[in-house]
Amino acid sequence: MDVKTEVLGMINDLFLEDVSDMMDEDLFDAGVLDSMGTVELVLEIEDKFNIKVPVSEMGRDDWNTANKIIEGIKELQNA
């Protein structure tokens, strides 16, 4: 599976939200993510993709949309 499919599945599993039609929408403003949800999602991402997400990468404006999360994962995989 590709990163996009995996991330959309994680968000759906964790938050019971299908965000596939809102890839560039702010997930905090939409009520999908909050601070605790972000921690849960990061832990899932780190486990699934075998990467470490630095705290400095987790600013609200850095990973606030599904597309930004996907791109952030890809960057960390290539680092």
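The values are calculated or read from the model by the stated rules, or taken from the named source; none is laboratory data. Note that this is a predicted model, so its numbers are computed, not measured. Ideal geometry is used to build each Cβ from the backbone, glycine not excepted, and the neighbour counts take in all protein chains shown. Please note that ligands, DNA and RNA were not included when accessible areas were found on the heavy atoms of the full protein model with its side chains. Shrake-Rupley method; radii C 1.70, N 1.55, O 1.52, S 1.80 Å.
What to note about this one:
- If only the Cβ of Lys and Arg carry +1 and only the Cβ of Asp and Glu carry -1, the dipole of the chain around its Cα centre is close to 320 debye.
- Surface composition of the chain: carbon plus sulfur atoms hold 46% of the accessible area, using a 1.4 angstrom probe and ignoring ligands, DNA and RNA.
- Equivalent ellipsoid dimensions for segment 17-79 as semi-axes, Å, which come from the Cα gyration tensor, largest first: 18, 13, 11
- Whole-Hz ³J(HN,Hα) from phi, Karplus 6.51 cos²θ - 1.76 cosθ + 1.60, for segment 22-33, glycine and proline x: 9, 4, 10, 7, 5, 6, 6, 4, 7, x, 7, 10
- Average accessible area per residue (Å²) across the chain - probe 1.4 Å, nucleic acids and ligands excluded: 61 Å²
- Taking each residue as 0.36 nm, the span from Ser35 to Lys4 lengthens on full extension beyond its C-alpha to C-alpha distance by 9.0 nm.
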